[in-house]
1. So if each residue of separation counts as 0.36 nm, and I subtract the Cα-Cα distance between T325 and D435, what length gain in nm does that give?
2. Taking the chain as the reference, fit the longest principal axis to its C-alpha atoms, fit the long axis of helix 447-463 to the helix C-alpha atoms, and give the angle between the two in degrees, 0 to 90, nearest 10.
3. Using mean Cβ contacts within 10 Å as the protection proxy, how do 208-219, 293-304 order, highest first?
4. Averaging sequence separations of C-alpha pairs under 8 Å and six or more residues apart, then dividing by the length of region 4-151, give the relative contact order as a whole percent.
5. Roughly how many nanometres apart are two label points built 7 Å out from the Cα toward the Cβ at V130 and T366?
6. Whole Å is fine, so just give me how far the alpha carbon centre of region 225-301 lies from that of region 304-350.
7. First compute the accessible area of region 10-79 with a 1.4 Å probe, then give the percent of it belonging to carbon and sulfur atoms.
8. For region 386-437, what does the convex hull of the Cα positions come to per residue, in cubic angstrom?
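The values are calculated or read from the model by the stated rules, or taken from the named source; none is laboratory data. Every value quoted in this text rests on a predicted model; they were computed, and no experiment measured them. Because the Cβ atoms are built from the backbone with ideal geometry, glycine has one as well, and the counts that use them run over all protein chains shown. For the accessible areas, the whole protein counts, side chains as well, though only heavy atoms, and no ligand, DNA or RNA atoms are used. Shrake-Rupley method; radii C 1.70, N 1.55, O 1.52, S 1.80 Å.
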Amino acid sequence: MKEEISNKIREYFSAMSIYKDPEKTNSVFAGRNLPSFVKDYLLKRYLNIQTGQIDTQGLTQFLDKVIPAKTGSVKDRIISGEEVVLLCRFNIYIDLVKGQKQFAIPDYGIKLREGIIPEYTYRKHQGELVDGEKWGIVKLCLLPDDIGTKNHVQMVDYKPFKPYSSVDVNYLAEARRHFSINEWIDLIISAMEYDPDGFSNLTQKLEFVTRLLIFIEPRLNVIELAPKGTGKSYVFGNLSKYGWLVSGGKVTRAKLFYDKSKQQNGIIKNHDFTVFDEIQTIVFQEPAEIQAALKSYLESGKTTIDNNEFSSECGLMLMGNIPLTAARMPASPLYFDSLPQNFRESALLDRFHCFIEGWLLPRIDTSMIFHGWTINVEYFSEILHTMRTVNRYSLLFDQLVNFEGKADVRDSKAIKRIATAYMKLLFPNWTKPEDVNKEDFMLYCLDPAVRRRGIIKEQCHNIDPEFKTRMPEVCLR
């Protein structure tokens, strides 16, 4: 990445900038499998902002204290009566009927039946300690339960992992004004921890950053088919604590939406996005029930599970591999043949908005890992999360775009969501119609939205000829 972009990052994002040195980072975090948003938070604490140097000794001592590499030692320390503080991910299960508030820390061998959240901790953090996976700093010790008959690992204190309690969207919009569109795209790719110079052209770069649309726009449903080695799993598993990556194994309707027996919400409830990675390897139990629930949810964000209405703003993404020719193009024009049989239904697939042509992306190698100054992942992920609820870009779209009178509702909704997501990601400085460069809007937002929705329509037509491929006419006001 050019030096002038790095200088701009340090000038306009000084408090959020970080120097990435992959070799040194890998050495410091050896033996600890941490996502990038946690690594950047830790690196930032021990970074000399002037030189970019990391206090490796201080960082190592901190890691040994709160993220010990020897996972078995944690339980031993708790059993011996020690109070242990950890920075970790943990799973929460709240059973309101039985009055049980339990947690598990899989990375340190603490099972669900062993961990209890006492009432005083729960009340202190009631809005944060909800069902699902969390990241935070927890203080643990071995104490008897409320009855006093059995010892449990109790979470006696908790601090949510949220270094940026709030981010200023207006600050981001102002900073964006100092970057050209090409510089801004390169900044985004570097924030994703990849070197923009490793991409051959603008088409590849835009295809790559399109993966972030599901981070930034609520209830955007996406399909990406790509060859192996294009960085799919890394992007969705490392850049945000607000997403959930499902990689293989069995998936049930209860796990996704609502478990009636446990009276517990599924993973879709409390996440910004849920990604089915390597979808060909995932086993969907009771596929007919899952398919029916997905149809309703993908359409409206709501579905009914055992007489319980379930709603969420979580987007859904299907990722799978696709056979390519020697020229790295799909071996068959029937893209959806690469999906599992129970997903090859036009009525279900038509509820997805956006298609990513992953075969356009290069295979990731070590030379493409970013080295230099960029904005840190934790700030970047908080910005993407916060932008989900900023409605000015959706309102701006309505002021800019006019659909023909008989436009298909699903098509118009899909185009609007994709284009709005692109505006948030690429042009956060557009806050009113006078700010908008209409040529850029067409090139980077509207035209790609129409094309990506058009691929979904065409592939649905290949499955079911009754589905028309014609896209609605769209024009600027």
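1. 35.3 nm
2. Helix 447-463 and the main axis of the chain meet at about 90 degrees.
3. 208-219, 293-304
4. Computed value for region 4-151: 18 percent relative contact order.
5. About 4.3 nm separates the two model spin labels.
6. Rounded to whole Å, the Cα centres lie 12 Å apart.
7. 47 percent
8. 78 Å³
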